[in-house]
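The values are calculated or read from the model by the stated rules, or taken from the named source; none is laboratory data. This one's a predicted model, so the numbers in the text were calculated from it and none came from an experiment. FYI the Cβ positions are ideal-geometry reconstructions off the backbone, even for glycines, and counts take in every protein chain you see. Protein only, heavy atoms only, side chains kept; ligands, DNA and RNA dropped before computing areas. Shrake-Rupley method; radii C 1.70, N 1.55, O 1.52, S 1.80 Å.
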Amino acid sequence: MKIVFLDFDGVLNNDKFFHLRLDELTKERDHKWSLLKFFDIDKIKPEQIHRVEKVKHFYTEMSYENVKNFIRIFKNIPDVKVVLSTSWRHGVSVYDWNQMFKAIPNWNFEIIGVTNSYDDIIKEYPELKVDSRLKIINRPVRGVEIKHWLETNIFITYKYVILDDCEAM
């Protein structure tokens, strides 16, 4: 199995996307560059209704161009699965993430999980310490979360890649 640990901010969106979608005259957001065209309120189940704004926010904040690039890069690699390592992963179930992504044309990748939060990992392994210099920039956390996922899913034989705009892992 091949795993892609996927961050959203800086990967499925970027500064160019945020600049393009802002109308210079009105300062209003133009969502033609986003995934919003794939948002369908009628597909929201009653038990998901309390999360509608978070779901809609996802569709407005992700660049369709970046998502198409992800699809183009990975479409010919068999057995690619996605694990969400993004901070967006909280508050939405894996099932719901799969439903949201399936609405995007040509998205054929199963989201099989999310990384645990650093705070939850520390509760489980209090001996885990992070270099205080790195803690200041608040980013070694992602690497610890990914490492924890890999170590707790050792029953899977896999190769993996981390797509993240942060270098400090």
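Annotations
- Just so you know, in region 101-124 the residues that are among the β-branched types (Val, Ile, Thr) and in a helix (DSSP H, G or I) include one that is modelled with the lowest pLDDT, and it is 122.
- Residue match in region 85-100 (condition: free of Cβ contacts under 8 Å to residues at least 12 places away in the same chain and not in a helix (DSSP H, G or I)): yes
- Boolean, residue 34 is modelled with pLDDT of 85 or more and closer than 26 Å to residue 167 by Cβ: no
- Filtered by the rule that a residue be more than 12 Å from the chain's Cα centre (by Cα) and open to solvent by less than 70 Å² (accessible area, probe 1.4 Å), region 78-94 gives 80, 81, 91, 93.
- Residues (assigned to a loop (DSSP other than H, G, I, E, B) and either modelled with pLDDT under 55 or closer than 18 Å to residue 79 by Cα (or both)) located in region 125-161: 131, 138, 139, 153, 154, 155, 156, 157, 158
- Those residues of region 10-31 which are at pLDDT 80 or above and open to solvent by less than 60 Å² (accessible area, probe 1.4 Å), in sequence order: 10, 11, 12, 13, 14, 17
- Flag for residue 60 being open to solvent by less than 70 Å² (accessible area, probe 1.4 Å), under 30 Å from residue 159 (Cα atoms) and among the polar types (S, T, N, Q): no
- Exactly one residue out of 43, 75, 2 is within 28 Å of residue 148 (Cβ to Cβ), open to solvent by 70 Å² or more (accessible area, probe 1.4 Å) and either touching a residue at least 24 places away in the same chain (Cβ under 8 Å) or among the hydroxyl-bearing types (Ser, Thr, Tyr) (or both): that is 2.
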